[in-house]
Amino acid sequence: MDQTLHAHVKLDIATDVVRIDVRGSLTQNSRPALMQLIQRIRRMGITSHITVDLGRAAVVESSALAGLRNDLNAIDGGAGPSAVAGALPTGGVSLELNVHLDDPSAVLQSLDVSGDFTASIDPSGTRALTGFSDDELLAASDSVFGLLDNPADMARSELLATYDEIGLEISRRKVGREPEPA
């Protein structure tokens, strides 16, 4: 697998935004190159807002994304421009993970639901998370987190909500609280 970043940088003067379009892979190995690119833009004196667009990336590793967010928070969380004499104000950095609909490769494939699958569906809609063992919850958490690695996957908000619900159930168990009534 090609693990190069393949980042294209564009400056939009009208909106005062620098867009870094990642077309390759954001991995733990390529993350430092992206951070160096962001820091180089700042060293050039460009104070525009920077948007890192990962919507067309071939691969986005969740661990690299989390590390990138931590790196960016460390930069933004440092001394503010008012605390440093002569420092230029910066517009911040944001991450975009949305798939671009104008990209033909981003078209989602249809799902064939013509078969009889109703027998496999729990009549209550979903199985309550309280019915899972701790090991099953951890495995489900890992599985959902892994699904978030592919930016072309549909239903990203549903995956994030599921991941959040699993995390809340794990946290609830750690503190020994009773589950909330449905």
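The values are calculated or read from the model by the stated rules, or taken from the named source; none is laboratory data. Owing to the predicted nature of the structure, the values given are computational and were not obtained by experimental measurement. Here the Cβ is made from the backbone with ideal geometry for all residues, glycine too, and neighbour counts use every protein chain on show.
Selection of first residues in the range 162-174 that are farther than 16 Å from ASP135 by Cβ and of second residues that are aliphatic (A, V, I, L, M) and at pLDDT below 80, restricted to Cβ pairs under 8 Å at least 6 apart or on distinct chains, gives the following pairs, ordered by first then second residue: THR162/VAL144; TYR163/VAL144; TYR163/LEU148; GLU165/LEU129. GLY45 passes every criterion in (1) touching a strand residue (DSSP E or B) at 6+ places or on another chain (Cβ under 9 Å); (2) modelled with pLDDT of 85 or more apart from (1).
Of everything in the range 39-54 that is buried (at least 19 other Cβ atoms within 10 Å of the Cβ) and under 13 Å from LEU95 (Cβ atoms), the residue that is farthest from the chain's Cα centre (by Cα) is ILE50.
The rows are residues; the columns are (1) farther than 20 Å from LEU159 by Cα; (2) without any contact (Cβ under 8 Å) to a residue 24 or more places away in the chain.
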site: LEU11; (1), (2): yes, no
site: ASP16; (1), (2): yes, no
site: GLN36; (1), (2): yes, yes
site: ALA57; (1), (2): no, no
site: VAL60; (1), (2): no, no
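In the set LEU95, LEU72, LEU34, LEU26, only one residue is modelled with pLDDT of 90 or more, in contact with a strand residue (DSSP E or B) (Cβ under 6 Å, 6 or more places away or on another chain) and within 30 Å of SER143 (Cα to Cα); that residue is LEU26.
Among the numbered conditions (1) out of contact with any Asp or Glu (no Cβ under 8 Å at 6 or more places or on another chain); (2) outside any loop (DSSP other than H, G, I, E, B); (3) not aromatic (Phe, Trp, Tyr), the only one that GLY45 does not meet is (2). Annotation for the range 16-23: at least one member residue is aliphatic (A, V, I, L, M), within 25 Å of VAL144 (Cβ to Cβ) and buried (at least 16 other Cβ atoms within 10 Å of the Cβ).
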